[in-house]
Structures are given as structure tokens and as C-alpha cells.
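Visitor: Have a look at this one.
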Amino acid sequence: MRRTAVVATAALIAALALIGLPEPAGSRTPSIARDLQAAAFTSVTMQADAPAISAAGTFDAAQRSAGFLVETAALVERGVAPRVPKARPAVALPAVSVASEWKKPLYTVSGWATFYNNGTTAMRLPAGTVVRICGAGGCLLRTVTDYGPVKKTRVVDMYQPDFFAVCGCASWSGTTLVTVGIY
């Protein structure tokens, strides 16, 4: 339950916010439809033989800015053009092991793993726990979906495709030795 002071403060803030809002703009009733007045428009008369106004040549020399452009002017940048590389430069990267990018687990458990077709289950770990399972074939990061194996020799039951990815063994294998990192 929330404290009454927190609820009262929230109610006060909401009330002050409503007081500070402006009223809606415009009228609350529709406007009366009126005809347009002829006096609202101004007529403009132009001669049919008047010369066309063009953008170029309309300014005299006094109205031109310094460094103005003409149609025949060429734009050239000063300096030397940058050199375009012909090949990508070689970059030396340090050697990195496969598991060096993983963050450190809270603790690790080693033991046997089997496959199970209903997700990843781990012994004595609640559902939602994130685990990293490493075996001879590689490592996987998974979330525990249920309480795990009953036998104390097994630490984790894995979804079948995950098991064979971590195991790196033949499809007839039933168990493999793994290390489980708990996060």
C-alpha cells in the first residue's frame, strides 16, 4: 500500500496542473455563414505590353553584393584535392578468445547435462534465472524455464537443439559434461 502522504502529494500535483491549463481557444458555438464582401478584394490592373520581370539584370551595379555570381562563372575550390585511397588500410587487432566477451557469472557449477524438449531447466534455480551453458561445442546464454533434473549428477536439462550445439557430439549421445555460469 502507498503512504497517504504520497497519494495526497500526487493528487495536489494533479489539481495544480489542471488549474494551470489554459482555456480552449476559439468559440463554443459555430460561426454564422456569411457571403464574401466585394470590398475585401482589391483589383490590380496590368498593361498587356509591359516588359517581363527577370531575376538577372534587375539590379544595377550599386545594388549588387561583392563577389556576386554570373552565369558563366566557374566555381573552383582552392587547395589540393584530397587523395583517394586505393585499398583499405590494414588494421592489426589483438587476439581475443571466444569467451572473453562474456561478463563474469555470480558463480559456476559443473556437471552433466541432458536434453529435454520443453525448454531449459536447471537444478535448484528458479524460473527466469539467466545461465550460460558451456560445453565442448561452444556456449549458449539461456533463461531457465522450470525447476530442473531430479538426479544430483545432472545440473541442467537443455532443449534438444541447444544440447547438441553445446555438446558438439553425435546425435545419439544422451549426456555431456558442461559448466553452467549463473547470472
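Visitor: Which is more than 14 Å from residue 181 (Cα to Cα), touching a strand residue (DSSP E or B) at 6+ places or on another chain (Cβ under 9 Å), at pLDDT below 90 and polar (S, T, N, Q), of 129, 114?
Guide: 114
Visitor: How many residues does the stretch 145-183 hold that are of a type outside the set (S, T, N, Q), more than 16 Å from residue 117 (Cβ to Cβ) and surrounded by 18 or more Cβ atoms within 10 Å (Cβ to Cβ)?
Guide: Looking only at that region, the number is 4.
Visitor: Condition test on residue 136, is it touching a residue at least 24 places away in the same chain (Cβ under 8 Å), loosely packed, with under 15 Cβ neighbours inside 10 Å, closer than 17 Å to residue 176 by Cβ and aliphatic (A, V, I, L, M)?
Guide: So residue 136 passes the test.
Visitor: Follow-up question, since we're still on this one. Please specify each residue of the stretch 131-175 satisfying the condition of being among the basic types (Lys, Arg) and over 30 Å from the mean Cα position of the chain (by Cα).
Guide: 151, 152, 154
The values are calculated or read from the model by the stated rules, or taken from the named source; none is laboratory data. Quick caveat: nothing in here was measured; it's all calculated off a predicted structure. Heads up, the Cβs are rebuilt from the backbone with ideal geometry, glycines too, and the neighbour counts pull from every protein chain shown.
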